[in-house]
Amino acid sequence: MASWIPCLCGSAPCLLCRCCPSGNNSTVTRLIYAFFMLLGVAIACIMLMPGMEGHLKKIPGFCHVNCDVLVGYKAVYRVCFGMAMFFLLFSLIMVKVKSSQDPRAAVHNGFWFFKFAAATAITVGAFFIPEGPFTTVWFYIGMAAAFCFILIQLVLLIDFAHSWNESWVEKMEEGNSRCWYAALLSATAINYALSLMSLVLFYVYYTHSDGCTENKVFISINMLLCVGVSVMSILPKIQESQPRSGLLQSSIVTLYTMYLTWSAMTNEPDRRCNPSLLGIIGLNSTTPAGQDRVVQWWDAQGIVGLILFLMCVLYSSIRNSSNAQVNKLTLTSDESALIEDGPAPDNFEMGDGSKHAVDNEKDGVTYSYSFFHFMLFLASLYIMMTLTNWYSPDSSYETMTSKWPSVWVKITSSWICISLYVWTLVAPLVLINRDFD
């Protein structure tokens, strides 16, 4: 244990050198911060588990009214507040760090014990914030931040779709074309099949002949938009300017748009137009129609949101995009691959054969430290909204209800998703003097 003490104050690779292959310092650091984030998510999930109400009620002044309904909800807000403030603080501290020679880079890449202690202290202190308007104000801040994080998800999703298509097309052109063509076709067909199945289920369970007009409009508009972008992606003009544009990217965007549509409808205030998953499969048919649901992190929409969040954070940590425009937006260079081949001067072995990671940022950082922490700040609030199903307490703080702003945030993000993808298709035709290779 004594040999680990220096590692608690040292650089990120020191913590992982015994279990990780030699890699880049920049990537190992981001993975540790991602672990910090996932640890916070796990704690927030525990706050919503049955039986936690009794323990949380013991915190002085934490809950005064209807604790059985609100205490888990408020605990998630406090945990995510602690995470968000930790990452926001580091985002401000790390502004304009240019290389690992900057003294602030040592703080970013090391001192893990003290950073963990600081994050813990902020989170614990958040439980003693007087209630007042805190929960309501933090709900609207969280909703705005979650919307911004969804936009980052959209950019990463479109980048992933293009990278996936380019990778498989290259392998198809290099050899064994039938195998890779079949894989490409199968992936595209599965995505569209899932999207079509989702459409059918939406019309069956989230609409009624005598109501749910908003849901009908949302589903129909997004269906038409998805059909439109799919046709657009294979038009001769588009193919001429972007030969590798195809239906795989469109199918991924279509499937994600269906998810956002479903996510928006699960926040519909009218319970008739917003059945729970258990209600759909017939496991809670005895629940009164007007009864409000209890916030549970294992709600279907929450589980899918958590999976997408995990994929987004990990992808942003290890991504090595070939898209220069995405790199500029996320302030990342293409030198941030998870593991690079070839020897490096700073890659040395310890006495027991374990390796340190390569300090690949002496001449310049491979990603913006400040933006990375800001993205985790947004992610903390996105998780807060996801775990509480975007619900907010009513004026009397007695029940939790869905509200229309949450619906519009999500449905608007689906339209922005399609707009971003359309722009990637038409940009080479509009900006003819720019190189989009």
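As a quick test, which of the pairs K74/K410; K115/K362; K98/K410; K58/K115; K58/K410; K216/K403 have an alpha carbon distance above 25 angstrom in this structure?
Values: K74/K410 23 Å; K115/K362 23 Å; K98/K410 36 Å; K58/K115 28 Å; K58/K410 36 Å; K216/K403 18 Å.
Beyond 25 Å: K98/K410; K58/K115; K58/K410.
The 3J(HN,Hα) values that the Karplus relation (6.51, -1.76, 1.60; θ = phi - 60°) gives for the stretch 115-131 are, in residue order, 5, 5, 5, 5, 4, 5, 5, 5, 5, 5, x, 5, 5, 9, 5, x, 4 Hz. Gly and Pro appear as x.
Close amide-amide hydrogen proximity is noted between Y367 and S333, each under 5 Å apart and 5 or more residues distant or on a separate chain (H modeled in the peptide plane; Pro and chain starts excluded). Each Lys and Arg contributes +1 and each Asp and Glu -1, all at the Cβ; summed about the Cα centre of the stretch 72-172, the dipole is approximately 320 debye.
If you count, for each residue, the other Cβ atoms within 10 Å and average over each peptide, how do 116-124, 378-386 line up from highest to lowest? Don't skip to the end; give the middle numbers.
Details: 116-124: 15.4, 378-386: 26.9.
Ranked by mean Cβ neighbours within 10 Å, highest first: 378-386, 116-124.
Could you please state, rounded to a whole Å, how far the C-alpha centre of the stretch 216-277 is from the C-alpha centre of the stretch 74-150? Distance between centres, Cα-based: 34 Å. Averaged over residues, the count of other Cβ atoms within 10 Å places the peptides 169-176, 363-370, 224-231, 249-256 in the sequence 249-256, 363-370, 224-231, 169-176, highest first. Backbone geometry of the stretch 250-265 corresponds, through the Karplus equation with coefficients 6.51, -1.76 and 1.60 at θ = phi - 60°, to 3J(HN,Hα) couplings of 4, 5, 5, 5, 4, 5, 5, 5, 5, 4, 5, 5, 4, 4, 5, 5 Hz, x marking Gly and Pro.
The phi-based Karplus calculation (6.51 cos²θ - 1.76 cosθ + 1.60; θ = phi - 60°) puts the 3J(HN,Hα) values of the stretch 213-230 at 4, 4, 5, 4, 5, 4, 5, 5, 4, 5, 4, 5, 5, 5, 4, x, 6, 5 Hz, whole numbers, x for Gly and Pro. Take L308: with every protein chain present and a 1.4 Å probe, its accessible area is about 40 Å².
The values are calculated or read from the model by the stated rules, or taken from the named source; none is laboratory data. Values in this document were obtained by computation on a predicted structure and should not be read as measured data. All Cβ positions, even for glycine, are placed from backbone atoms using ideal geometry, and neighbour counts span all protein chains on display. Surface accessibility is based on the protein's heavy atoms, side chains included, excluding ligands, DNA and RNA. Shrake-Rupley method; radii C 1.70, N 1.55, O 1.52, S 1.80 Å.
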